[in-house]
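The values are calculated or read from the model by the stated rules, or taken from the named source; none is laboratory data. Quick caveat: nothing in here was measured; it's all calculated off a predicted structure. No Cβ is skipped: glycine too gets one built from the backbone with ideal geometry, and neighbour counts run over all protein chains shown. Calculation scope for accessible area: heavy atoms of the full protein, side chains included, ligands and nucleic acids excluded. Shrake-Rupley method; radii C 1.70, N 1.55, O 1.52, S 1.80 Å.
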Amino acid sequence: EPEVTQTPSHQVTQMGQEVILRCVPISNHLYFYWYRQILGQKVEFLVSFYNNEISEKSEIFDDQFSVERPDGSNFTLKIRSTKLEDSAMYFCASKGRVNTGELFFGEGSRLTVL
Amino acid sequence: DAKTTQPPSMDCAEGRAANLPCNHSTISGNEYVYWYRQIHSQGPQYIIHGLKNNETNEMASLIITEDRKSSTLILPHATLRDTAVYYCIRQDQKLVFGQGTRLTINP
């Protein structure tokens, strides 16, 4: 069964450093998402991406964050100048059709900022 | 704003049916109801969705009231592996997760 894969599974970084989280969505999917979940809190929407541009972003997704689809397979989330409060699980998701709410999520990347 | 209301926690005995309620009284006519679950800290997993008819798949059944203001997710024979947080979500272009219901299946 096709799946969304994310790397790394866990990254530890120092405050102020840049981090890139990588995702390989399901191959024929066109709509991509990043969500995050701070420990003990709910899953929060960050950004959606389609046709090489951001479709929608939340208030959390400020200038510190950026997304990119550098090639035909990877979808990346870059966090510049990380802060302690960026520590969270980051989930990538994809879907194949615009009018469906069936998203396929990866297993997440745990980011720890020290 | 998740726009749905779910009990924060529920317990169910292994082998029994788990019935998880959700209130979505302000849902509009063309909005689907989606159910997801999250096992421990894994990525959310799609379970089922519906508009106004009851739905069933290999994982669960979804019962939607005639006025569409509420729905119930049914896990017919709950197992220990069904212990998870279950989310009832009104479809939007993005999914908005609330706090969900933490379902614990007890042996």
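Residue count for the range A:1-17 under the criterion of being over 25 Å from residue A:85 (Cα atoms), in contact with a Gly (Cβ under 8 Å, 6 or more places away or on another chain) and open to solvent by 50 Å² or more (accessible area, probe 1.4 Å): the result is 1. When the range A:71-82 is filtered for residues that are among the polar types (S, T, N, Q), open to solvent by 50 Å² or more (accessible area, probe 1.4 Å) and at negative phi, only A:73 remains. Among the candidates A:54, A:20, the residue that is closer than 18 Å to residue A:91 by Cβ, within 14 Å of chain B (Cβ to nearest Cβ) and surrounded by fewer than 17 Cβ atoms within 10 Å (Cβ to Cβ) is uniquely A:54. With respect to (1) exposed (fewer than 14 other Cβ atoms within 10 Å of the Cβ); (2) within 14 Å of another protein chain (Cβ to nearest Cβ); (3) of a type outside the set (D, E, K, R), the lone exception for residue A:105 is condition (1).
Evaluation of residue A:68 against the conditions (1) under 12 Å from the mean Cα position of the chain (by Cα); (2) surrounded by fewer than 17 Cβ atoms within 10 Å (Cβ to Cβ); (3) under 23 Å from residue B:97 (Cα atoms) shows that the sole unmet condition is (3).
Scanning the range B:1-10 for residues that are of a type outside the set (S, T, N, Q) and surrounded by 13 or more Cβ atoms within 10 Å (Cβ to Cβ) yields B:2, B:3, B:7, B:10. Filter the range A:61-102 for residues that are more than 14 Å from every other protein chain (Cβ to nearest Cβ), out of contact with any Lys or Arg (no Cβ under 9 Å at 6 or more places or on another chain) and closer than 17 Å to residue A:29 by Cα and give the result. Those that are more than 14 Å from every other protein chain (Cβ to nearest Cβ), out of contact with any Lys or Arg (no Cβ under 9 Å at 6 or more places or on another chain) and closer than 17 Å to residue A:29 by Cα: A:69, A:70, A:71, A:72, A:73.
For the range B:49-107, residues that are touching a Gly at 6+ places or on another chain (Cβ under 8 Å), within 14 Å of another protein chain (Cβ to nearest Cβ) and β-branched (Val, Ile, Thr) total 2.
All conditions but one from (1) of a type outside the set (Lys, Arg); (2) in contact with a strand residue (DSSP E or B) (Cβ under 7 Å, 6 or more places away or on another chain); (3) more than 24 Å from residue B:84 (Cβ to Cβ); (4) in a loop (DSSP other than H, G, I, E, B) apply to residue A:72; the one that does not is (2).
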